[in-house]
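K.L.:
One structure, as structure tokens, below. Some questions next.
The values are calculated or read from the model by the stated rules, or taken from the named source; none is laboratory data. Everything numeric in this text was worked out from a predicted model, so none of it was measured. When we count neighbours, we look across all protein chains shown, and the Cβ atoms used for this are built from the backbone with ideal geometry, even at glycine.
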Amino acid sequence: MKRSQLILDEDNDRRLREMAYRQGKSISEIVRQILDEYFSELERKEREQSVQALRKLDQIRESTAKFGVYEGDPVNEARQERDAEIEDVWRQWS
């Protein structure tokens, strides 16, 4: 365990003390319990978002699969087209 200090507003302090009293636990135990629950929920939401993102990728992959995969090199092709256009311009000026 590691010691930490919290600064709470009066309402949160009161509610925390009441909760600890009702459950017969220390304030530290209550804070650890709240943090554990919060972090578990945060991790669950992150996993859920990851799963949703993967599902969306699968949907995109399925919807674009009918188009196939382009086997060429688009960057090289664009360079070749640009070079050909430049050659045409030089020929017109020569």
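K.L.:
Which one of the conditions (1) part of a loop (DSSP other than H, G, I, E, B); (2) in contact with a helix residue (DSSP H, G or I) (Cβ under 7 Å, 6 or more places away or on another chain); (3) not aromatic (Phe, Trp, Tyr) does LEU16 fail to meet, given that it meets all the rest?
P.N.:
Unmet condition: (1).
K.L.:
If you don't mind, there's one more thing I want to ask. For the range 57-79, indicate whether the set of residues that are in a helix (DSSP H, G or I), modelled with pLDDT of 95 or more, acidic (Asp, Glu) and surrounded by 10 or more Cβ atoms within 10 Å (Cβ to Cβ) is non-empty. It would help to see each step written out before you state the result.
P.N.:
Pass one, the range 57-79, residues in a helix (DSSP H, G or I): 57-67, 74-79.
From what is left, the residues that are modelled with pLDDT of 95 or more are none.
No, the range 57-79 contains no residue that is in a helix (DSSP H, G or I), modelled with pLDDT of 95 or more, acidic (Asp, Glu) and surrounded by 10 or more Cβ atoms within 10 Å (Cβ to Cβ).
K.L.:
Quick check on GLY24: is it over 16 Å from the mean Cα position of the chain (by Cα), small (Gly, Ala, Ser) and under 30 Å from ILE7 (Cβ atoms)?
P.N.:
Yes.
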